[in-house]
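All remarks here apply to the structure that follows.
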Amino acid sequence: MVIGLFITIDGIDGCGSTTHSKLLAGFLENKGYNVFLTREPTNSEIGKLLRIYLKNDKIPPETDALLFAADRSYHYLIDIKEKQEDGFIVISDRYKEASIVYQSVQSERISTKWIEEINKFAQDPDITIILDIDPAISLSRKTQKDLEKFENTPFLDKVREIYLERAKSQNYYVINSDDIIEFVQGKIQKLVLKHLKQKA
Ligand code: TYD
C-alpha cells in the first residue's frame, strides 16, 4: 500500500494535538498503513534547544522564528520527505502553521509573509487539522509549575483567533476538541479516511 499522505495536527497549547496524533497513528497502523508519527519541536539538537527556550521569555521572537524554521527544514528534508517518498502516511504533531500563528502573535515586527518565506523549504502538508478549544479549558489541563512562556490565557486567546482566521482563509479543517476524546478522534479518523479513499 503506497500512499504518501502528509497530515498535521495543530492548535493552541493543551488542544490535544499529541493525544490525537498518537491515536490517529495507531488507528491507521491497525488498518495496515505504514505510518510515521513525528512532532515539532523535533528531537534534533535544534529542537532540544527550542524546548529550553520555551521556558525563557527573554529570547527574541525573531530568534524563536528562525530556530523553529531551522528545526523544520531539518525535519522536512531529513525525515518527512523520505518517509513520504517511501509511501508512509506522515503525521506531524504541529508543523508550519504553529510558526505562522505563534511567532506572528509574539511580535508586530514578524509578518506571516516572512515566516512563510523562511519556511519555504518545508513542503505544505496535504491535510491540516486545527483542534479548537477555549484556552481557559486547555490550560486547566496543565499543571501550573510546568507552564511554558506561551501558556497564558491572554496570549492563547490571540493565538486561537489567528488559528481560526487562518483556517478560514486557507481552508483547513477545524475540529472542536472540547469534547470526549473518542468523539473528537472519530471525526479526525473520518476525514482522514475520506482523503485516503480519494487518493486510492
Ligand atoms: P507543545 O507542542 O505543547 O509540546 P509539549 O507538549 O512538549 O510542551 O509545545 C510546543 C510549543 O512550541 C507550543 O507552545 C507552541 C510552540 N511552537 C511555536 O511557537 N512555533 C512553532 O513553530 C512550533 C512547532 C511550536
Practice problem: Could you check, for the range 1-20, whether at least one of its residues is small (G, A, S), touching a Lys or Arg at 6+ places or on another chain (Cβ under 7 Å) and either within 12 Å of the ligand (Cβ to nearest atom) or free of Cβ contacts under 8 Å to residues at least 12 places away in the same chain (or both)? | Solution: yes
Those residues of the range 80-96 which are more than 8 Å from the ligand (Cβ to nearest atom) and either of a type outside the set (D, E) or under 14 Å from A122 (Cβ atoms) (or both) amount to I80, K81, E82, K83, Q84, G87, F88, I89, V90, I91, S92
All conditions in (1) open to solvent by 30 Å² or more (accessible area, probe 1.4 Å); (2) out of contact with any helix residue (DSSP H, G or I) (no Cβ under 8 Å at 6 or more places or on another chain) are true of S17 except (1)
Screening I115, I46 for residues that are open to solvent by less than 40 Å² (accessible area, probe 1.4 Å), in a helix (DSSP H, G or I), without any contact (Cβ under 8 Å) to a residue 60 or more places away in the chain and within 15 Å of the ligand (Cβ to nearest atom) leaves only I115
Selection from the range 58-79 of residues within 12 Å of the ligand (Cβ to nearest atom) and assigned to a loop (DSSP other than H, G, I, E, B) yields I59
Report task. Determine, yes or no, whether L164 is over 17 Å from the mean Cα position of the chain (by Cα) and open to solvent by less than 80 Å² (accessible area, probe 1.4 Å). Result -> no
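The values are calculated or read from the model by the stated rules, or taken from the named source; none is laboratory data. Given the structure is predicted, the values throughout are model-derived calculations rather than measurements. Note: ideal-geometry Cβ built from the backbone for every residue, glycine included; neighbour counts use all protein chains shown. Only protein heavy atoms, including side chains, enter the accessible area calculation; ligands, DNA and RNA are left aside. Shrake-Rupley method; radii C 1.70, N 1.55, O 1.52, S 1.80 Å.
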